[in-house]
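What follows is calculated from the coordinates using simple rules that are stated; it is not laboratory data. Small disclaimer: the values here were computed from a predicted structure and weren't measured. Positions of Cβ are backbone-derived with ideal geometry, glycine not excepted, and every protein chain shown enters the neighbour counts.
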Amino acid sequence: MTTPDATPLRPAKPRVPFWDNARFAAIVLVVFGHAIQRLTYDSDAAEALYLLVYAFHMPLFALVSGYFSSAGEPTRQRMARVITDLVAPYLIFEALWTLTQFLVTGRTNLDPAQPAWTLWFLLALALFRLVLPYLVLLRGPVWWALGISIVAGYLPSLDSTFSLSRFLGLLPFFTLGWWLREHDAVARYRMLAHRPAWLRGVAVAVLASAGVAAFALVDVWRDMRLGTWLFFVDGYADLGAPQWWAGGVRLAIIALALVLMAAFLVLVPRRETRWTALGRYTMYVYLLHTFVLYPFRQSGILRGLEPMGLWIPVVALGSVAIAVALSSRPVRRVFRPLVEPRLPWL
């Protein structure tokens with residue numbers, strides 16, 4: 001039996017539990033980062049956790065997305081997948097967010113060029129996939145991507161329109177993910193082999209040290225607007241750093257993200273777990289969790305909570321619960337037409 005383009009069907013490769021585990025853990029961090037944001041106004045500890053999460057969770061998603069992306073010829077089928085998998089859901093949820101904001105505030109501003117809240121990643125991912133086949137034609141594409149990311153921050157004309165600034169800022173992580181797959185680096189360097197206890201201890205120490213540094217110097221990070229730097233949205237001048245060396249700050253942030261990602265991935269289980277299967281459906285969590293969090297963020301319920309030592313764990317557990325619920329089969333069945341629209345007519 002053959003596909004319409006006469007390409008023989010091949011047995012699907014077995015899924016590697018590690019990657020699904022990593023996806024699910026990363027999406028929990030996304031939910032937690034958005035949930036804890038309101039707590040940062042009243043708690044240095046929440047601010048530190050927020051900075052720690054934002055230092056690497058979206059770069060991690062970009063890297064994993066790049067790992068599973070192809071740099072082959074942009075065929076009709078691949079281009080169609082960009083539309084059906086990314087552009088169509090983006091337009092659907094952009095319209096839903098416009099309607100939601102109208103119902104809540106009475107105001108609306110439907111502008112597909114300015115992504116609502118988390119929808120920027122869909123556009124950035126579409127651009128990643130479109131650009132990758134051409135980027136890899138260059139010698140040393142990871143280095144080119146790194147240079148593009150650093151130079152982009154100097155260009156005042158680049159902003160969040162169509163997620164261009166974030167697309168260029170995160171391009172090194174996506175390209176690195178593709179490079180790891182293309183050069184079979186994961187198998188060659190036995191990255192998925194059993195990790196000894198001492199290495200897991202080092203990973204815990206790295207993440208803990210980053211958290212301690214974030215907490216101990218929280219006022220310094222606020223003054224330099226580190227949280228905004230981690231978004232990869234604004235140019236250096238808009239971040240208060242018009243100097244020539246501003247690109248070095250982004251380079252340091254990229255290096256930090258790589259270190260934290262490596263530590264995080266060391267701790268991700270390699271074996272099948274109870275939540276491994278949920279890692280296949282992170283797009284549902286990504287697109288739907290903002291509608292769950294929106295009432296809590298806008299109502300002020302998450303402000304002035306005491307004691308913070310109790311509420312931060314509550315928010316963390318709530319984030320896990322939201323991720324599990326939104327990736328469950330009943331939710332997928334209801335929202336599949338929105339998250340995974342089938343558009344044969346298009």
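At-a-glance table
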| item | result |
| --- | --- |
| Summed residue charge, Cβ within 11 Å of Arg222's Cβ, Lys/Arg positive, Asp/Glu negative | -3 |
| Gain on full stretching of the segment that runs from Trp143 to Thr161 - 0.36 nm per residue minus C-alpha separation | 4.0 nm |
| Length gained when the stretch Arg76-Leu192 is fully extended (0.36 nm per residue, less Cα-Cα span) | 38.4 nm |
| Added length on full extension, which subtracts the Cα-Cα distance from 0.36 nm per residue, Tyr41 to Ser328 | 100.1 nm |
| Summed residue charge, Cβ within 13 Å of Ser149's Cβ, Lys/Arg positive, Asp/Glu negative | +2 |
| The stretch 49-92: chymotrypsin sites (Phe, Trp or Tyr not before Pro) in DSSP coil with no more than 11 other Cβ atoms inside 10 Å | Phe68 |
| Nitroxide proxy distance, nm - points 7 Å out along Cα→Cβ at Arg342 and Val16 | 3.1 nm |
| Under Karplus coefficients 6.51, -1.76 and 1.60, residue-wise ³J(HN,Hα) of the stretch 295-308 in Hz, glycine/proline x | x, 5, 5, 7, 7, x, 4, 8, 9, x, 7, 9, x, 5 |
| Rel. contact order, % - alpha carbon contacts under 8 angstrom, at least six apart, the stretch 115-252 | 31 percent |
| Inter-centroid distance (Cα atoms) of the stretch 113-181 relative to the stretch 222-290, Å | 14 Å |
| GNM result for the chain, Cα springs below 10 Å: residue of His194, His34, His57 fluctuating most strongly | His194 |
| Shape category assigned to the chain from the gyration tensor of Cα positions, a/c cut at 1.5 | rounded |
| Where trypsin sites (Lys or Arg not before Pro) in DSSP loops with at most 11 other Cβ within 10 Å are excluded, longest remaining stretch of the chain | 1-106 |
| Distance between modelled label sites at Leu130 and Arg225, nm, 7 Å Cα→Cβ extension | 2.8 nm |
| Fluctuation leader among Ala210, Ala22, Ala255 - the chain, Gaussian network, Cα springs under 10 angstrom | Ala255 |
| Fewest-first ranking of Thr100, Thr175, Thr276, Thr105, using other Cβ atoms within 10 Å as the exposure measure | Thr105, Thr100, Thr276, Thr175 |
| Residues His183 and Ala321, FRET efficiency given R0 of 56 Å [Cβ-Cβ distance, rounded to 0.05] | 0.90 |
| For the stretch 312-327, 3J(HN,Hα) per residue [Karplus equation, 6.51 cos²θ - 1.76 cosθ + 1.60, θ = phi - 60°, Hz, x = Gly/Pro] | 4, x, 4, 5, 4, 5, x, 5, 4, 5, 5, 4, 5, 5, 6, 9 |
| Local electrostatic count at Arg303 - Lys and Arg +1, Asp and Glu -1, tallied over other residues with Cβ under 12 Å | 0 |
| Dipole magnitude (debye, nearest 20) for the chain, charges at Cβ of Lys, Arg, Asp, Glu | 1340 debye |
| Spin-label model distance (nm) - Leu91 vs Trp117, 7 Å beyond Cα toward Cβ | 2.2 nm |
| Over the chain: helical MRE at 222 nm, DSSP H runs n ≥ 4 each giving -39500 (n - 2.57), nearest 500 | -20000 deg cm²/dmol |
